[in-house]
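Novice: Sharing a structure with you now.
The values are calculated or read from the model by the stated rules, or taken from the named source; none is laboratory data. Computed from a prediction, not measured in an experiment: that's the story for all the values here. Cβ placement follows ideal geometry from the backbone for every residue including glycine, while neighbour counts extend to all protein chains displayed. Note: accessible area is taken over every heavy atom of the protein model, side chains too, but ligands, DNA and RNA are not part of it. Shrake-Rupley method; radii C 1.70, N 1.55, O 1.52, S 1.80 Å.
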Amino acid sequence: MGVKTFLAAAAMAASLTVGQASAAVFTINFNGNGGLQAGSSMMFSDITNTISVTATAGAYALTDEYAISSRIGQYGGGLGNTTTFKYDYQERVRERGQWVWKTRTKSVTDGTHEVDDWIESDGHGVREYIAIDFGSLGVTLLGAVFGEFQLDSHRTDGDDSIIQVLANGGQIYSGGSNNPTVFVDHVSNIFYFLAGGDNKNNNDWKLKSISFNYDEPEEPGPDPQEDVPAPAGMALLGLGLLGLGIRRRIKA
């Protein structure tokens, strides 16, 4: 799955209904000693246990990689991602005195626990990410902190994209800060924190915490199709019952 396909899927996943905004600021810390998990997701709550989120590690192909599988990990520096994938390549071999091309399959394991671009020397690789799902809440991200954040020796902050944050299928942040607090205007229920887009296998980081406020989900109103007696109908029903009572008295 390429970048455009990933963005389209992110936009579809972020459709939501929101209502009145909450002025409070909430923080969820992801750092801990859970280690590498067997699966790709973990559940977290803020300190007041008011808001719960699902954090999921994933990755998408940069070219024609397949069998992509990610595991999430929780460490002192925050949430990380360990991904395995496969790709096919052509190798020239000698068979029965002739040189022929054979299709080979290579299995790759990203041995690091940070979120990064894992690029093989021949150009094959995947881009890792951490997705934060707020369910039905419409959330505005106010800040994020990244642990074990690294910059290459040839870089300074902002030289290239190290971290990208997507919401509603669009990019709300791209840059080299380990503590960004300025984002494009947005309200979303799912956020994708991606490794940067330079494909240099050097943008390692872990997601340590996020701060945000949110919109309350709208409660459904009454069903307009529901049969509710109108005032005029209730009046007619009352008159009918009154007439029935008078008729019974006359007969008596």
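Novice: Could you work out how much longer the chain between TRP101 and SER52 gets when fully extended? Use 0.36 nm per residue separation minus the Cα distance between them, nm to one decimal.
Specialist: That works out to 12.4 nm of additional length.
Novice: Whole-Hz Karplus ³J(HN,Hα) for segment 167-178, in order, using 6.51 cos²θ - 1.76 cosθ + 1.60 and θ = phi - 60°, x for Gly and Pro?
Specialist: 8, 6, x, x, 8, 10, 7, 8, x, x, 8, 8
Novice: Per-residue HN-Hα couplings for segment 92-107, Karplus 6.51 cos²θ - 1.76 cosθ + 1.60 at θ = phi - 60°, whole Hz, x for Gly and Pro?
Specialist: Karplus values, whole Hz, x for Gly and Pro: 8, 10, 9, 10, 6, x, 10, 8, 9, 9, 10, 7, 10, 10, 10, 9.
Novice: Same structure, new question: Tally Lys and Arg at +1 and Asp and Glu at -1 over the other residues with C-beta under 13 Å from the C-beta of HIS113: what net charge comes out?
Specialist: Numbers: positive: ARG71, LYS206; negative: ASP110, GLU114, ASP116, GLU128, GLU148, ASP204.
Once positives and negatives cancel, what remains is -4.
Novice: Name the shape class, rounded, prolate or oblate, that the alpha-carbon gyration tensor gives for segment 64-185, where a ≥ b ≥ c are the square roots of its eigenvalues, rounded holds for a/c under 1.5, and otherwise prolate holds if a/b is larger than b/c and oblate otherwise.
Specialist: In terms of gyration-tensor shape, prolate.
Novice: Just the accessible area per residue of segment 62-155, please: how many Å² with a 1.4 Å probe?
Specialist: The answer is 49 Å² per residue.
Novice: Compute the signed sum of charges (Lys and Arg +1, Asp and Glu -1) over the other residues within less than 11 Å, Cβ to Cβ, of ILE28.
Specialist: Around ILE28, the charge tally is 0.
Novice: Moving on to the next point. How much solvent-accessible surface does PHE149 expose, in Å² to the nearest 10, with a 1.4 Å probe and all protein chains in place?
Specialist: For PHE149, the solvent-accessible surface is approximately 50 Å².
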